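To keep things clear, I will list the structure first and then write my remarks on it.
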Amino acid sequence: RLRYRYLPGDPPTAPHAGWSGQIELHEIRFPLPGLAEALRVETAQAHIQGERVVLRDMRLHAGDVSATGEYRYDPQLLRPHRFRLRIPEAEAAELERLFSPTLHRRGGLLARAFNIGRAPVPRWLATRRAEGSIEIDSLLLAGAQVEDIAARLSWDGTRARLERVSARLHDGTISGVLTVNLRGAKPAYLLAGRIRTLSCRSGKLDAEGVLETSGVGEELFANLRSAGTFSGRALELGSVPLKSVAGVYRLSWAQPEPRLHFSNLELAAGEETFTGGGATQDNGELLIQLSGGGREVRMSGTLAKLHMDETAMP
């Protein structure tokens, strides 16, 4: 049911003029700027009051991704687009494909040929103002199943920010804030996050730090950098059971093994404590050197398999 309200002699833009009422939507396709495929609304209840629109009980699809939720539009708000979405399951690669027009914008011929300048920012992106909540029950990300994802999104032009991020990875939890810079031809990501009680080498690991990367697809790993602190308990490092381990790390991605640097390392094994540091060598192996209790300990190999040599200190 829709009705149009106006007073004789008033212009169409008068505040009290406009359509109002309720309608049911079925199988409606919305081309959404920045999305590779049209958004298909399977069903929704639309409530219209002048320029304000509310879509409730939405069931929608885009590509291989399905979702339910709610959408509100109010042009009087700073961020006029408000939404709440729940996605049962998705793959990160499919989400990246769907948002490829937003994430990967090509510049002009000369800019592409000589890798100079910035890709132009389209008007639809520069003027985008939106906020809302997102829930994903299960997300396949780089071969790992991340579950119970929840976040609050605020999107202002070329800057999107996911706050109050929470998720579950195996039996550990992830929390943090993710900022996405869309100003360039390819996106840049900055994650300030925390991992708690993640199962690792028969024990539990906690970590806190910052992760930066940019690009799309495999570029995300090639450009990945991270730094922060970590601590663990009841771990097995090589063949050595540890009561606890803590330190500072730096990580950069490289093939075939990531390059790691550890400092302020402190390992407790039995009644002894060892301190030191380590780093990935040019041959790709990790070398860790520690001392304590009148002994020097040297560990070498990969993270998956470390060999330990022990000598008495002079």
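Numbers below:
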{"quantity": "Qualifying position, being surrounded by 17 or more Cβ atoms within 10 Å (Cβ to Cβ), touching a helix residue (DSSP H, G or I) at 6+ places or on another chain (Cβ under 7 Å) and either free of Cβ contacts under 8 Å to residues at least 40 places away in the same chain or more than 30 Å from residue 260 (Cα to Cα) (or both), among 139, 125, 178", "calculated": "125"}
{"quantity": "Filtered residue count, the stretch 274-314, keeping only those that are of a type in the set (Gly, Ala, Ser) and under 35 Å from the mean Cα position of the chain (by Cα)", "calculated": "8"}
{"quantity": "Enumeration of residues in the stretch 256-312 that are loosely packed, with under 12 Cβ neighbours inside 10 Å and under 30 Å from residue 218 (Cβ atoms)", "calculated": "256, 281, 282, 283, 304, 305"}
{"quantity": "Matching entry among 272, 208 (being of a type in the set (Asp, Glu) and more than 26 Å from residue 168 (Cβ to Cβ))", "calculated": "272"}
{"quantity": "Selection count, the stretch 34-58, where residues are open to solvent by 60 Å² or more (accessible area, probe 1.4 Å) and either touching a residue at least 60 places away in the same chain (Cβ under 8 Å) or assigned to a strand (DSSP E or B) (or both)", "calculated": "7"}
{"quantity": "Flag for residue 185 being open to solvent by 50 Å² or more (accessible area, probe 1.4 Å), under 25 Å from residue 95 (Cα atoms), touching a helix residue (DSSP H, G or I) at 6+ places or on another chain (Cβ under 9 Å) and of a type in the set (Gly, Ala, Ser)", "calculated": "no"}
{"quantity": "Condition check for residue 248: of a type in the set (Val, Ile, Thr) and modelled with pLDDT under 85", "calculated": "no"}
{"quantity": "Members of the stretch 168-196 found to be more than 22 Å from residue 135 (Cβ to Cβ) and either among the acidic types (Asp, Glu) or in a strand (DSSP E or B) (or both), listed by number", "calculated": "181, 188, 190"}
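The values are calculated or read from the model by the stated rules, or taken from the named source; none is laboratory data. Treat the numbers as computed from the prediction; the structure is a model and nothing was measured. In this analysis, Cβ positions are derived from the backbone assuming ideal geometry, glycine residues included, and neighbour counts consider all displayed protein chains. Ligands, DNA and RNA are excluded from the accessible area calculation, which covers all protein heavy atoms including side chains. Shrake-Rupley method; radii C 1.70, N 1.55, O 1.52, S 1.80 Å.
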